[in-house]
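The values are calculated or read from the model by the stated rules, or taken from the named source; none is laboratory data. The structure displayed is predicted, hence computed values, not measured ones. Using ideal geometry, Cβ is built from the backbone for each residue, glycine included, and neighbour counts are taken over all protein chains shown. Surface accessibility is based on the protein's heavy atoms, side chains included, excluding ligands, DNA and RNA. Shrake-Rupley method; radii C 1.70, N 1.55, O 1.52, S 1.80 Å.
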Amino acid sequence: MTLKNDHAKATAPKNPRPLDAIDRLILQVLMARGRIPNSTLAQTVSVAESTAHNRVHALMDSGIIRGVHADVDLAAVGRPLEALIQIQIQPSARAQLRTKAERLAHCPGVIEVYFLAGSRDLLVRVAMADSAGLRDFVLNELNQHAAVASTETSTVVEHFRGVHPLIAPT
């Protein structure tokens, strides 16, 4: 199954529509196996192939499905060091928060940027080749900017992906 891969913002779906049990089941299957062939998806959710195809495209068109992404082994591509960096922005620079986040999202090694509620403003997930690369990123891309009040970096030792369905039944 081929779905477009847009870097969409976390916004409400563009054309929201109610989800029925079949939609929810399709979403559960796609969240677990994004590259499942349409014929297998249809068989798994007990609908005709044309129904599965039409439902997936309706979910995409509505903005509920924003894309399908590869789960890459970061160590295998030369980026074995993963870190989470919390950033606090200077109060005087808060109006530029979105601009700062978008700039960071385009930096080499950045996987994701999150807006936070709480004592920190942003969380940046990065993957680097080594500790020198991580240090250089924090010093050169973050701490040298006047808008950054402070950073706190945590390296990831191990992580687990959630396995429970996120799509609650109605």
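Among D23, D61, which is the only one that is of a type in the set (D, E) and either in contact with a helix residue (DSSP H, G or I) (Cβ under 7 Å, 6 or more places away or on another chain) or open to solvent by less than 50 Å² (accessible area, probe 1.4 Å) (or both)?
Of D23, D61, the one residue that is of a type in the set (D, E) and either in contact with a helix residue (DSSP H, G or I) (Cβ under 7 Å, 6 or more places away or on another chain) or open to solvent by less than 50 Å² (accessible area, probe 1.4 Å) (or both) is D23.
Taking R135 as the residue in question, decide whether it is charged (D, E, K, R), open to solvent by 70 Å² or more (accessible area, probe 1.4 Å), over 21 Å from the mean Cα position of the chain (by Cα) and on the phi < 0 side of the Ramachandran plot. Don't jump to the end; show me each part of the working.
Working: charged (D, E, K, R): yes; open to solvent by 70 Å² or more (accessible area, probe 1.4 Å): yes; over 21 Å from the mean Cα position of the chain (by Cα): yes; on the phi < 0 side of the Ramachandran plot: yes.
So R135 fits the description; yes.
Of the numbered conditions (1) modelled with pLDDT of 90 or more; (2) within 30 Å of R24 (Cβ to Cβ); (3) surrounded by 13 or more Cβ atoms within 10 Å (Cβ to Cβ), Q86 fails exactly one; give the number of that condition.
Among (1) modelled with pLDDT of 90 or more; (2) within 30 Å of R24 (Cβ to Cβ); (3) surrounded by 13 or more Cβ atoms within 10 Å (Cβ to Cβ), the lone unmet condition for Q86 is (2).
Kindly check whether there is at least one residue in the stretch 60-83 that is within 24 Å of N15 (Cα to Cα), modelled with pLDDT under 95 and in a helix (DSSP H, G or I).
For the stretch 60-83, residues within 24 Å of N15 (Cα to Cα), modelled with pLDDT under 95 and in a helix (DSSP H, G or I): present.
Considering the stretch 69-98 alone, what residues qualify as being free of Cβ contacts under 8 Å to residues at least 40 places away in the same chain, more than 18 Å from the chain's Cα centre (by Cα) and within 15 Å of V124 (Cα to Cα)?
Within the stretch 69-98, just L97 meets the criteria.
Of all residues in the stretch 144-164, count the ones that are among the polar types (S, T, N, Q) and open to solvent by 70 Å² or more (accessible area, probe 1.4 Å).
2
Could you check the stretch 118-132 and list, in sequence order, the residues that are open to solvent by less than 50 Å² (accessible area, probe 1.4 Å) and within 19 Å of H106 (Cα to Cα)?
D121, L122, L123, V124, V126, A127, M128
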